[in-house]
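I have placed the structure first, in the form of structure tokens, so that the comments after it can refer back to it.
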Amino acid sequence: MRNSKLWIHKIMRMKLLLLLSAAGLSACGSVLDVPPSSSVPSETAISDAAGAKAALAGAYAGLQQSGIYGHTIIDWTEVLSDNLRFVGTFDNYADADAHLLRADNFSVAQIWNDTYDEINRVNEIIQKVPDVPDLAAADKSEILGEAYFLRSLQYHNLVKLWDGVPLRLEPVKTAAEAAAITRATSVQVYTQILTDLAQAKTLITAGRSQTRQASLGAVSAIESRVRLYQKDWAGAEAAAATVEGMGYTLAATFPELFEATGSNTPEDIFRVIFTPTQSQSVGFYYLPKALGGRYEDAPTVGTTGIIAAFDPASGGNIATYNPTDRRGVWSIARAGTRTYAAKFRNPSGDEDLHVIRLGEVILIRAEALTQAGVLAAIARERRLELAFEGDRWPDLVRTGTAVPIMGIPAFQTLLPIPQGEIDTTQPALTQNPGY
């Protein structure tokens with residue numbers, strides 16, 4: 001358990017066994033202190049140093065959008081998996097739980113639109129910052145490096161859910177420009193992601209001193225995740241090893257990672273900052289109404305549900321739920337008759353959300369080093385460690401287990417391209433098969 005030496009020993013022992021088996025802030029300061037540009041920068045917004053820094057702050061603020069880390073890419077995708085079930089009133093969640101997605105699903109469009117909005121913000125920075133006359137060279141490098149990092153992160157979120165997607169590498173300013181863009185292959189998208197990460201690595205100077213902005217630690221951590229999804233085991237292991245060698249350590253207790261105050265822990269690598277005025281809704285969607293939430297989705301029951309995963313002896317019955325794994329004690333709770341995902345406990349959404357942290361990097365390295373015999377154990381660890389954080393559905397898809405575990409047709413492992421995007425914006429896009 002994380003709140004004891006036993007948990008640390010467990011992880012370190014796992015790593016040692018896997019190693020044995022395998023052998024047989026920055027130059028420009030804190031940009032988050034700069035008032036952000038609240039929308040995609042205009043033609044003249046990035047014309048001086050202040051505008052450049054405000055645009056980068058705006059790009060970080062863009063991560064707070066509802067379709068990205070504001071909630072949908074986290075809680076709605078968990079409903080697609082075997083971790084959460086629909087218990088609310090929204091059709092877009094009901095359809096996700098039943099795997100009856102249509103191309104006009106609101107959440108599908110929300111993730112797509114907000115992600116491309118964020119990419120457009122970043123593309124403005126990448127295009128215009130090199131020509132800003134009063135911005136020091138070191139500041140230019142740092143801002144550009146962080147922009148490349150943010151673009152790589154968004155394209156990986158897209159390719160995980162849709163496979164090949166349009167590669168927009170310059171700002172899209174007109175409907176005609178958008179209409180001319182077609183889908184790239186997943187190979188092309190992954191190539192661009194790694195190119196952007198390589199660029200970020202050469203431009204960013206902060207090692208691990210900042211967790212709410214991109215750092216070299218964050219770049220290598222996301223690279224390890226990207227290479228894991230590519231099944232580039234050696235590359236994933238090397239990138240994860242780089243992160244582990246940078247001085248990060250696991251949080252002393254699991255709940256420390258999810259405090260409403262956004263307190264720092266030694267495990268933090270990259271987080272999205274939220275405040276009472278710039279809040280996320282993940283906890284709001286998880287918590288029951290008695291605790292200030294809307295209770296749209298809840299932990300899955302039965303012998304294959306998340307309740308049984310944390311406490312096999314319960315058989316998935318919350319009445320007998322008594323996990324010895326401290327992550328299970330924190331992650332699932334009960335209020336009256338409501339069983340709920342309790343990882344994010346503040347309905348006002350003050351918690352900073354982890355995009356990636358050391359716990360995941362350790363599991364990435366373990367999986368990359370592992371022989372097939374223990375992959376199931378590592379998959380279970382990922383499910384428990386990252387429960388309700390938006391990782392389970394992409395994990396099921398990348399490991400080829402979504403179809404047998406969820407009992408769905410193969411085409412449903414990819415989301416449909418939003419129909420409105422095809423009808424009004426990009427008619428040259430081809431729809432994913434089956435939709």
Review point. So which pairs qualify, if the first residue must be in the range 309-330 and part of a loop (DSSP other than H, G, I, E, B) and among the hydroxyl-bearing types (Ser, Thr, Tyr), the second must be modelled with pLDDT of 95 or more and surrounded by 15 or more Cβ atoms within 10 Å (Cβ to Cβ), the Cβ gap must be under 6 Å, and the two must be at least 6 apart or on different chains?
Key: Tyr321/Ile307; Tyr321/Asp311; Tyr321/Ser314
Review point. How many of the residues making up the range 345-384 are among the charged types (D, E, K, R) and either in a loop (DSSP other than H, G, I, E, B) or over 20 Å from Ser224 (Cα atoms) (or both)?
Key: 4
Point to revise | Yes/no for Val187 being touching a Gly at 6+ places or on another chain (Cβ under 9 Å), hydrophobic (A, V, I, L, M, F, W, C), in a helix (DSSP H, G or I) and over 25 Å from Ile362 (Cβ atoms) | key: yes
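Criterion first (among the small types (Gly, Ala, Ser), assigned to a loop (DSSP other than H, G, I, E, B) and either at pLDDT below 95 or open to solvent by less than 10 Å² (accessible area, probe 1.4 Å) (or both)) does Ala387 satisfy it? Step through it out loud before you land on a result.
Working: among the small types (Gly, Ala, Ser): yes; assigned to a loop (DSSP other than H, G, I, E, B): yes; either at pLDDT below 95 or open to solvent by less than 10 Å² (accessible area, probe 1.4 Å) (or both): yes.
Considered against the rule, which asks whether it is among the small types (Gly, Ala, Ser), assigned to a loop (DSSP other than H, G, I, E, B) and either at pLDDT below 95 or open to solvent by less than 10 Å² (accessible area, probe 1.4 Å) (or both), Ala387 comes out as yes.
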Check your understanding: Going by the structure shown, is Ile269 more than 24 Å from Gln210 (Cβ to Cβ), crowded, with 22+ Cβ neighbours inside 10 Å and of a type in the set (A, V, I, L, M)?
Key -> no
Practice item. Find all pairs meeting these conditions: Cβ atoms under 8 angstrom apart; at least six residues apart or on different chains; first residue within the range 167-189 and over 20 Å from Val122 (Cα atoms); second residue acidic (Asp, Glu) and open to solvent by less than 70 Å² (accessible area, probe 1.4 Å). Key: Ser186/Asp163
Check your understanding: Ala309 fails exactly one of the following numbered conditions: (1) touching a His at 6+ places or on another chain (Cβ under 8 Å); (2) within 19 Å of Gly359 (Cα to Cα). What is the number of that condition?
Key -> (1)
Practice item. Identify, from the list Arg380, Arg345, Arg338, Arg365, the residue that is open to solvent by 10 Å² or more (accessible area, probe 1.4 Å) and touching an Asp or Glu at 6+ places or on another chain (Cβ under 6 Å). Key: Arg365
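Just the residues that are open to solvent by 30 Å² or more (accessible area, probe 1.4 Å) and charged (D, E, K, R), please, taken from the range 146-167. Break it down stepwise before answering.
Residues of the range 146-167 open to solvent by 30 Å² or more (accessible area, probe 1.4 Å): 148, 163, 167.
Within the range 146-167, just Asp163 meets the criteria.
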Point to revise | Residues (out of contact with any strand residue (DSSP E or B) (no Cβ under 9 Å at 6 or more places or on another chain) and buried (at least 20 other Cβ atoms within 10 Å of the Cβ)) located in the range 230-243 | key: Ala236, Glu237, Ala239, Ala240
Check your understanding: From the residues in the range 79-95 that are in contact with a Phe, Trp or Tyr (Cβ under 6 Å, 6 or more places away or on another chain) and not in a loop (DSSP other than H, G, I, E, B), which one is farthest from Ala298 (Cα to Cα)?
Key -> Asn92
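Condition (residue is buried (at least 22 other Cβ atoms within 10 Å of the Cβ) and at pLDDT below 95) applied to the range 33-40: is it met by at least one residue? Show your work before the answer.
So in the range 33-40, the residues buried (at least 22 other Cβ atoms within 10 Å of the Cβ) come out as 37.
Of the ones still in play, those that are also at pLDDT below 95 are 37.
Yes; the residues of the range 33-40 include at least one that is buried (at least 22 other Cβ atoms within 10 Å of the Cβ) and at pLDDT below 95.
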Exercise for review: Look at the range 102-137 and say how many of its residues are open to solvent by less than 20 Å² (accessible area, probe 1.4 Å) and in a loop (DSSP other than H, G, I, E, B).
Suggested key: 4
Review point. Given the conditions (1) touching a helix residue (DSSP H, G or I) at 6+ places or on another chain (Cβ under 6 Å); (2) open to solvent by 60 Å² or more (accessible area, probe 1.4 Å); (3) of a type outside the set (Gly, Ala, Ser), and given that Leu291 satisfies all but one, which numbered condition is not satisfied?
Key: (1)
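Going by the structure shown, is Thr89 among the β-branched types (Val, Ile, Thr), modelled with pLDDT of 60 or more and open to solvent by 30 Å² or more (accessible area, probe 1.4 Å)? It would help to see each step written out before you state the result.
On the way: among the β-branched types (Val, Ile, Thr): yes; modelled with pLDDT of 60 or more: yes; open to solvent by 30 Å² or more (accessible area, probe 1.4 Å): yes.
Yes.
The values are calculated or read from the model by the stated rules, or taken from the named source; none is laboratory data. Keep in mind it's a predicted model, so treat the numbers as computed, not measured. Heads up, the Cβs are rebuilt from the backbone with ideal geometry, glycines too, and the neighbour counts pull from every protein chain shown. Quick note on the areas: whole protein, heavy atoms, side chains included, nothing else; ligands and nucleic acids left out. Shrake-Rupley method; radii C 1.70, N 1.55, O 1.52, S 1.80 Å.
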